[in-house]
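Trainee: One structure, pasted below without further comment.
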Amino acid sequence: MLEKLHQGNYGDYIDFAYALALDRTKSSYPTYTDGLKTKEDFVRVAAGAFDSEREEVLIFREGERVLGWIHYYVIPEDRYIGLQSFLTAERTAQAMGELLERLGEKYPGYRMYFGFPEENTEALEDLKARGFQLGEESLVGVVRFEDYTPLPETGEITKITRENFEKFAKIHAKMDGEMYWDNAHLLEDLDRWHIYLLGDRAAIYFVYVEQSMEIFGIDFAGEFDPQDFRALLVRALNQGKADGCKDMTFFHEAKEHPVVEVLGLRNVGSYVMYRREL
């Protein structure tokens, strides 16, 4: 059964939950196996749930045995549900079934986006069996900026602002319906985004969360071009270094990986995301 945690007792389960978070076969994304995030980060994220009406932390138990920890969040205006952590020592399918039943009662019509490491085959196979559709499958690269030396930049690169956003929007339009951060959401929240355009043929967009940088995508007007891809990735890395970021995470495709690897990013595995409407 699922039991809602409260601020007074969530700390009793932190050590149990964090141990599961370090096992890719038992955990979800965001991953704590990347060598970047710490137990202190896990505790901070968990504690933040009790200050938000959009988050809930649940314990999955069987009698007196605690078998899992689930932390999810909702974005009501977008009818969106995502995971902060889905961690199960046993009975993953049962925990997922109980979670979906709970969510279905509270959030009918919302769309769920659940991501897991490829090693968590039990969770991924269960999502497929429940009619979830594959939304994304990516390699995950990370780098600490203390290990990165800025590189020379190439190409005509322009920073995107509200005044010239339409230039980027033409390229990014192909992602409408494919990801949450479509043109409308990016423009609405543009002050926190860094977007750069290379000529009129490619663009990169990334964001800072505290001192961590995450690249959400590199889009091409036409076909993938490794030289343009490299130019935009170097632009992002140089900017992150200049702005004092500690580290960066980049979800990318296999065809992009040779360039990612040459630029010094370390591969920490594969991310698999499934989605479905309640």
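Trainee: Report the paramagnetic label zone for Arg102: residues of segment 69-91 whose backbone N is under 19 Å from a point 7 Å from Cα along the Cα-to-Cβ axis.
Mentor: It comes to 69-76, 80-91, nothing else.
Trainee: Further question: Diagonalise the Cα gyration tensor of segment 15-94 and give the resulting equivalent ellipsoid semi-axes, square root of 5 times each eigenvalue, largest first, whole Å.
Mentor: Ellipsoid half-lengths, sorted descending, are 20, 17, 12 Å.
Trainee: Keeping the other protein chains in place, figure out the carbon and sulfur percent of the accessible area of the chain, with a 1.4 Å probe.
Mentor: Ligands and nucleic acids excluded, carbon and sulfur give 47 percent.
Trainee: Using the Cα atoms as the points, what is the convex hull volume per residue of segment 1-136 in Å³?
Mentor: Convex hull volume per residue, Cα atoms: 112 Å³.
Trainee: For the chain, divide the Cα radius of gyration by the Kirkwood radius and give the resulting Rg/Rh value with two decimals.
Mentor: Using Cα coordinates only, the ratio equals 0.98.
Trainee: Here is a follow-up. Per DSSP helix of 4 or more residues, -39500 (n - 2.57); summed, then divided by the residues of the chain. What does that give at 222 nm, rounded to the nearest 500?
Mentor: -8500 deg cm²/dmol
Trainee: Now, a different point. For segment 1-122, build the charge dipole from Cβ charges (+1 Lys, Arg; -1 Asp, Glu) around the Cα centre, then report which of Ile81, Ala21, Gly48 sits farthest towards its positive end.
Mentor: Positive-end residue among those listed: Ile81.
Trainee: Relative contact order for the chain: what is it in percent, counting Cα pairs under 8 Å that are at least 6 residues apart?
Mentor: 22
Trainee: Report the relative contact order of segment 29-115, percent, no decimals, based on alpha-carbon pairs under 8 angstrom and at least 6 residues apart.
Mentor: Taking the mean separation of contacting Cα pairs over the length of segment 29-115, I get 25 percent.
Trainee: Straight-line reach only, C-alpha to C-alpha below 12 angstrom: list the aspartates and glutamates that Lys26 could link to, leaving out same-chain residues fewer than 8 apart.
Mentor: Lys26 reaches Glu90, Glu118, Glu119, Glu122.
Trainee: Still on this structure, I have one more. Under a 1.4 Å probe, what is the accessible area of segment 22-135 per residue, stated in Å²?
Mentor: The answer is 43 Å² per residue.
Trainee: Rounding to the nearest 20 debye, state how big the charge dipole of segment 41-80 is about its Cα centre with +1 on each Lys and Arg Cβ and -1 on each Asp and Glu Cβ.
Mentor: The dipole magnitude comes to about 160 debye.
Trainee: Let me know the charge dipole size of the chain about its Cα centre in debye, to the nearest 20, where only the beta-carbon of Lys, Arg (+1) and Asp, Glu (-1) is charged.
Mentor: Roughly 40 debye, rounded to the nearest 20.
Trainee: Okay, next question. What is the packing order of peptides 208-221, 160-173, taking the mean over residues of other C-beta atoms within 10 Å and listing the highest first?
Mentor: So the order, starting with the most tightly packed, is 208-221, 160-173.
The values are calculated or read from the model by the stated rules, or taken from the named source; none is laboratory data. All values derive from a computational prediction rather than experimental measurement. We place every Cβ from the backbone using ideal geometry, glycine too, and count neighbours over all the protein chains shown. Only protein heavy atoms, including side chains, enter the accessible area calculation; ligands, DNA and RNA are left aside. Shrake-Rupley method; radii C 1.70, N 1.55, O 1.52, S 1.80 Å.
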